[in-house]
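> Supplied in structure tokens, the structure appears directly below.
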Amino acid sequence: MLDIIRQLPRVREARKLWLMLYLLKALLAFLLVLPFLFTVNADLARSAFAKTLMTGWDISVILELFGNAGELLPAFILMILAGTLVYMTIIQFLNGGVYYVIVSGHTSPINWREFFAECGACFLLHVKITLLMLLVYILLFSSSMFVVSLFGATGQNLMGTAALIMLLGKLLIVFLILLAASVFSDSARATVAAYPDRPFREILKTASTYFKPGFAALTGAYIITYLPFFILWALVEWLALKATGEIGGLVGIFLEFILFQLAAAVRTGQKLWFLFYLGQDFRKTNQGRFLPKQIELNLDAR
Amino acid sequence: MMSCKLAFILSVLFLTGITAVAVDTLHVTAELDTLRKQVVGVMTYRLPDTPEIATFEFQLVPNMYAERNTPYLKSKPQLLNIFESTNEWGGMTIDSALLDGDNSTERVTVEYTKGGFQPQDKNRLNGRTVRLYFTTRIPRLGDRLSYFGEDYLLDGWFPFPALLRDDGSWYNPDYNANAELVGPFMHYDIHIAVPSGMIVAAPVPPESGDKQGETTCYRYHFGPAHDFGLAMSPYYLIDSTRLGNATLLYYYHAEEQPILPEIKTAAESTYVYMNKTVGENAYGRLGFVLTPTAIGGGIEFPGLISLYSPRGGAMLSRMYELVVVHETIHQWFYAMVASDQVREPWLDESVTNFWTDRVFSHLWGEEDGLLDLAGLSLSSRDYLRLTAQTPGGAGRLNRPAESLVSSADFFSVIYSHGALALETFDNLLGDSLSGIFWREYVARNTFRHVTADDFVTLAEEISGSDIHKALLCLLNDAEALDYRVTELTNTRVDSVAEIGFTLSRTGKLDIAIPYWIILYNNDTLRYEWKPEYRAERITITAPSPAREIIIDPEHLVAVDIDLINNSVLAAADNRPGLRLSSGVMFLVESLLSVVGGW
């Protein structure tokens, strides 16, 4: 636990990296939403019916909007999918530099030249990991649904709140299974940063060797870093409704926007926090190319 | 026993009142075989004295579940999958038939759900007695005929007559996918033997229950009704409520106890509201049974309602209460006022769904919170508008069930668009005429099968020709209806403002529609537009420029497909668009975080 908290100063030190990763996400989301804004605003700006949207998420307005512009929703979904693909590709590029910073332990100041050199050098390996993980996620999702269905039979007779708790329990099981896979993916990416010259199979083997004994602790660490974000996210949702419902007007909308962006930025910070913990833990057993030269030359033994 | 019969006759006379219609009695003696999952029995029916009848036609509803290619199962993939995986199909066979005691089995023909009986002699069948010996196979997890574990739901479980027309011919409905049972109003004299220990839910309490060894034989007298459903389980617990002269009963399993308060609140409030608004329920007794069937939702029978057991998701909204309210309203518009659900399904489901929305608003307000979660809100009316706008939801309302290809289209047109069309009609009637119309509709048609013509004729009688014309348009016009206001201009002329705007519409609904002009000095000018053309440019002068113009400000025309274009603002307000986009941007960022990890 202390080890996890000790990583917080490192997150602060890597604030430029944090800002860059958040801005990339925000910018892409903004670019994707811009056409949506122009399209829907043309309908909403002149209509009194849309007023309720200023204070609450009145689904009836959204339904009118999409119900009558049937082509709008599929076009928007297609655009989001294309944007997600672009984002995934950029992230695979950046992963090289990010995991280099995390596993090397050097955060301040980040040598950006070195950072982007690593991005380019490890790009293909990170793409390979992503493709492999896509497959793993699909398989795990189906098998976790199977596990959940076994629980489902047990809880078939539950009603009311108990049934709701059972449903949340099922979702938690799926979440934990997928989370463990995500932590393995991080381990593989950390291995790429430490041993970029190894063949892909070796990378996966090293990642497994690291992941297997510590996966419970790593998953636990992820949850510990995720909880503050989750609480903040819930708080943001509550405050955002207060901002638009009670303050209202453009000020309320602006405040809500800031709160949303705060939550988005904190989510990026959360991942960075967890990775700093994983990085220092990984380094204990897998120093790879970050082994100090003196130890490599066996100077301390002389 | 005599006193019982007398009480029964008196109660029938009381129920039917001065509008009493001659109804026949159907006698059924049967036994439920829980080992073979079947009902075996005999149905006895004395054919009426008039009109002249040469043949007899009857219905074998369980044949809807007899094989994979039945018209009913074709668009019920969920049901079909279950039957195919379990290989347990339903069905009904006629083992033998007697006419006045003579074996006439070879004279019976059966095709799908239609049974026919052609006597050997050419004599009339009037006054003669038909006995049909039948076996009904109960499918595992069906919809209206179903068993699961030791629970049974029996509907259409014995052969019953087709509908006799005035000219002596029979109407035997085609049960396609979206059709529900259409039976004649009859008195039922039912004897059924079930394993002792079964708790039986029926529309009336049993007159007797004789235990004979391992079975108990119950006898029921019920009617006039056009169906007789039963549900049973050895595990039922029973709760009841007395509402004036009526009794509401709830049959549930122990694990369903937590949902009971929601069911009771919705059922009792609806029952009281409907009694007060459209007229007393004729049966005065209503049972709710929680049954494990293959479908989510409920099924209505006269005096009895089958409900599914809700699971976690339903607890986050009032969706379950919506089902309870809907099925309760069927006790008026289905059980008392029957219709042909095959040829004119809107008279059943559209009317019921219109009242469902109305009861929901009455119970929980205009924003009735069908869904109200984390700032997201959806009312029952929003839900109707959402489901009415699916691609298959367009088109004419007054049409047979078979003309709608899928269940989704049927739901969209008949349940949702139909409810909105009737809301429009009801809005046109106004509060005072609405009360008169619906009370008269129920009073005049209790224990009758109404037709669209009956509905339209009564509308004309009560409301006059304009609303009658509008109703015909709502029922028969396939073109989508949309009112729009656009191109608002304010020009200063001397000391007054000249306000110009364009009103337009699609669809053929030819009624005067109100519109409001809200001025910058906060005055509201109220006008009506009687559209002679599809679009009209209107110019008026006012002491202050217009800030906003709204056509149909009180949503009189509920079928208007787009409410966003019903108003126009002089000064554009980008705030709703900005807020929606800000929320969507956060959603996209969250999605990117999930897939990209950051």
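The values are calculated or read from the model by the stated rules, or taken from the named source; none is laboratory data. Please read these numbers as outputs of a predicted model, since none were measured by experiment. Quick reminder, even Gly has a Cβ in these numbers, built from the backbone with ideal geometry, and neighbours come from all protein chains shown. Quick note on the areas: whole protein, heavy atoms, side chains included, nothing else; ligands and nucleic acids left out. Shrake-Rupley method; radii C 1.70, N 1.55, O 1.52, S 1.80 Å.
> Are any of the residues in the range B:494-513 assigned to a loop (DSSP other than H, G, I, E, B), open to solvent by 60 Å² or more (accessible area, probe 1.4 Å) and in contact with an Asp or Glu (Cβ under 7 Å, 6 or more places away or on another chain)?
Looking for residues that are assigned to a loop (DSSP other than H, G, I, E, B), open to solvent by 60 Å² or more (accessible area, probe 1.4 Å) and in contact with an Asp or Glu (Cβ under 7 Å, 6 or more places away or on another chain), one finds at least one in the range B:494-513, hence yes.
> Restricting attention to the range A:20-41, does a residue exist that is at pLDDT below 90 and more than 7 Å from every other protein chain (Cβ to nearest Cβ)?
Yes, the range A:20-41 contains at least one residue that is at pLDDT below 90 and more than 7 Å from every other protein chain (Cβ to nearest Cβ).
> Every residue in the range A:42-54 that is within 7 Å of another protein chain (Cβ to nearest Cβ) and either open to solvent by 30 Å² or more (accessible area, probe 1.4 Å) or not hydrophobic (A, V, I, L, M, F, W, C) (or both), please.
First, pick out the residues of the range A:42-54 that are within 7 Å of another protein chain (Cβ to nearest Cβ): A:43-51, A:53-54.
Selection gives A:ASP43, A:ARG46, A:SER47, A:PHE49, A:LYS51.
> Only one of (1) more than 9 Å from chain B (Cβ to nearest Cβ); (2) surrounded by 14 or more Cβ atoms within 10 Å (Cβ to Cβ); (3) in contact (Cβ under 8 Å) with a residue 60 or more places away in the chain; (4) touching a helix residue (DSSP H, G or I) at 6+ places or on another chain (Cβ under 8 Å) is not met by A:PHE116, so which one is it?
(3)
> Tally up the residues in the range B:483-506 that are closer than 27 Å to B:HIS555 by Cα and either among the hydrophobic types (A, V, I, L, M, F, W, C) or free of Cβ contacts under 8 Å to residues at least 12 places away in the same chain (or both), please.
5
> Within the range A:39-83, track down each residue that is part of a helix (DSSP H, G or I) and among the β-branched types (Val, Ile, Thr). It would help to see each step written out before you state the result.
We begin by selecting, within the range A:39-83, every residue part of a helix (DSSP H, G or I); these are A:39-44, A:48-54, A:59-68, A:72-83.
Residues satisfying the conditions are A:THR39, A:VAL40, A:THR52, A:ILE59, A:VAL61, A:ILE62, A:ILE77, A:ILE80.
> Scan the range B:469-481 for residues that are in contact (Cβ under 8 Å) with a residue 40 or more places away in the chain and open to solvent by 10 Å² or more (accessible area, probe 1.4 Å) and jot them down. Break it down into steps so the answer makes sense when it comes.
Taking the range B:469-481 as the starting set, the residues that turn out to be in contact (Cβ under 8 Å) with a residue 40 or more places away in the chain are B:469-471, B:474-478, B:480-481.
Correct list: B:LYS469, B:LEU474, B:ASN476, B:ASP477, B:ALA478, B:ALA480, B:LEU481.
> If you don't mind, another one. Do you know which residues across the range B:456-468 are touching a residue at least 24 places away in the same chain (Cβ under 8 Å), in contact with an Asp or Glu (Cβ under 9 Å, 6 or more places away or on another chain) and open to solvent by less than 60 Å² (accessible area, probe 1.4 Å)?
Residues of the range B:456-468 that are touching a residue at least 24 places away in the same chain (Cβ under 8 Å), as a first pass: B:459, B:462-463, B:466-467.
Checking which are in contact with an Asp or Glu (Cβ under 9 Å, 6 or more places away or on another chain) leaves us with B:462, B:466-467.
Within the range B:456-468, B:ILE462, B:ILE467 meet the criteria.
> Next up: For the range B:217-235, name all the residues that are in contact (Cβ under 8 Å) with a residue 40 or more places away in the chain, away from chain A (no Cβ under 14 Å), open to solvent by less than 10 Å² (accessible area, probe 1.4 Å) and not aliphatic (A, V, I, L, M). Let's see the steps before the verdict.
Of the residues in the range B:217-235, the ones in contact (Cβ under 8 Å) with a residue 40 or more places away in the chain are B:221-235.
Now narrow it down to the ones that are away from chain A (no Cβ under 14 Å): B:221-232, B:234.
Going one step further and asking which of them are open to solvent by less than 10 Å² (accessible area, probe 1.4 Å), we end up with B:222-232.
Within the range B:217-235, B:PHE222, B:GLY223, B:PRO224, B:HIS226, B:ASP227, B:PHE228, B:GLY229 meet the criteria.
> Turning to a different aspect of this structure: Quick one: which residue in B:ASP95, B:ASP102 is touching a strand residue (DSSP E or B) at 6+ places or on another chain (Cβ under 6 Å) and surrounded by fewer than 21 Cβ atoms within 10 Å (Cβ to Cβ)? Write out each step before concluding.
Working: B:ASP102 fails: touching a strand residue (DSSP E or B) at 6+ places or on another chain (Cβ under 6 Å).
Every option except B:ASP95 fails the conditions.
> May I pose another question? Within the range A:209-231, can one find any residue that is crowded, with 21+ Cβ neighbours inside 10 Å, within 14 Å of chain B (Cβ to nearest Cβ) and part of a helix (DSSP H, G or I)?
Taking every residue of the range A:209-231 in turn, at least one turns out to be crowded, with 21+ Cβ neighbours inside 10 Å, within 14 Å of chain B (Cβ to nearest Cβ) and part of a helix (DSSP H, G or I).
> Among the residues of the range A:2-18, are any facing chain B (nearest Cβ under 7 Å), in contact with a helix residue (DSSP H, G or I) (Cβ under 7 Å, 6 or more places away or on another chain) and assigned to a helix (DSSP H, G or I)? Talk me through it step by step, then tell me what you get.
Pass one, the range A:2-18, residues facing chain B (nearest Cβ under 7 Å): none.
No, the range A:2-18 contains no residue that is facing chain B (nearest Cβ under 7 Å), in contact with a helix residue (DSSP H, G or I) (Cβ under 7 Å, 6 or more places away or on another chain) and assigned to a helix (DSSP H, G or I).
> Taking the range A:55-69 as the region of interest, how many residues are within 22 Å of A:GLY252 (Cβ to Cβ), within 7 Å of chain B (Cβ to nearest Cβ) and surrounded by fewer than 21 Cβ atoms within 10 Å (Cβ to Cβ)? Before the answer, list the steps.
Just the residues of the range A:55-69 that are within 22 Å of A:GLY252 (Cβ to Cβ), to begin with: A:55-62, A:65.
The next check asks that each one be within 7 Å of chain B (Cβ to nearest Cβ); those that pass are A:56-60, A:65.
Adding the requirement that they be surrounded by fewer than 21 Cβ atoms within 10 Å (Cβ to Cβ) leaves A:56-57, A:59.
Here the count works out to 3.
> If I ask for residues that are of a type in the set (Gly, Ala, Ser) and either under 30 Å from B:PHE425 (Cα atoms) or open to solvent by less than 30 Å² (accessible area, probe 1.4 Å) (or both), which ones from the range B:571-598 would you list? Explain how you work it out, then say what you get.
So in the range B:571-598, the residues of a type in the set (Gly, Ala, Ser) come out as B:571-572, B:577, B:581-583, B:590, B:593, B:596-597.
Answer for the range B:571-598, where residues must be of a type in the set (Gly, Ala, Ser) and either under 30 Å from B:PHE425 (Cα atoms) or open to solvent by less than 30 Å² (accessible area, probe 1.4 Å) (or both): B:GLY577, B:SER581, B:SER582, B:GLY583, B:SER593, B:GLY596, B:GLY597.
> What strands (runs of 3 or more DSSP E) lie completely within the range B:236-324 and have 1 or more residues being surrounded by 17 or more Cβ atoms within 10 Å (Cβ to Cβ), among the aliphatic types (A, V, I, L, M) and in contact with a Lys or Arg (Cβ under 6 Å, 6 or more places away or on another chain)?
On the way: elements: B:237-243, B:246-252, B:285-290, B:298-301, B:304-307.
Per the criteria, B:298-301.
> Would you check if there is a residue in the range A:142-155 being at pLDDT below 95, open to solvent by less than 20 Å² (accessible area, probe 1.4 Å), not in a helix (DSSP H, G or I) and not basic (Lys, Arg)?
yes
> Here is a further query. Would you tally the residues in the range A:25-41 being of a type in the set (A, V, I, L, M, F, W, C), surrounded by 20 or more Cβ atoms within 10 Å (Cβ to Cβ) and farther than 15 Å from B:SER590 by Cβ?
Of the residues in that region, 2 qualify.
> Can A:THR191 be described as among the polar types (S, T, N, Q) and within 14 Å of another protein chain (Cβ to nearest Cβ)?
No, not satisfied.
> Next question, about the same structure. Quick check, is B:THR424 out of contact with any helix residue (DSSP H, G or I) (no Cβ under 9 Å at 6 or more places or on another chain) and hydroxyl-bearing (Ser, Thr, Tyr)? Before you say what the answer is, go through the steps one by one.
Values: out of contact with any helix residue (DSSP H, G or I) (no Cβ under 9 Å at 6 or more places or on another chain): no; hydroxyl-bearing (Ser, Thr, Tyr): yes.
Here the answer is no, as B:THR424 does not meet what is asked.
> Right, something else. If you go through the range B:92-102 one residue at a time, do you hit one that is outside any strand (DSSP E or B) and at negative phi? Spell out how you get there, then give the answer.
As a first pass, look at the range B:92-102 and keep what is outside any strand (DSSP E or B): B:100-101.
Still in the running and at negative phi: none.
Within the range B:92-102 (the criterion being outside any strand (DSSP E or B) and at negative phi), the answer is no, since none of the residues qualifies.
> Same structure again: Could you say whether any residue in the range A:88-97 is surrounded by fewer than 17 Cβ atoms within 10 Å (Cβ to Cβ), more than 9 Å from chain B (Cβ to nearest Cβ) and of a type in the set (Val, Ile, Thr)?
Within the range A:88-97, one or more residues are surrounded by fewer than 17 Cβ atoms within 10 Å (Cβ to Cβ), more than 9 Å from chain B (Cβ to nearest Cβ) and of a type in the set (Val, Ile, Thr).
> Considering (1) farther than 27 Å from B:ARG385 by Cβ; (2) out of contact with any His (no Cβ under 8 Å at 6 or more places or on another chain); (3) not assigned by TED's automatic domain parsing to the domain that holds B:SER567, say which one B:LEU471 fails and leave the rest.
(1)
> Can I ask one more? Against the conditions (1) under 23 Å from B:GLY284 (Cα atoms); (2) part of a helix (DSSP H, G or I); (3) more than 14 Å from chain A (Cβ to nearest Cβ), where does B:TRP346 fall short? Just the number, please.
(1)
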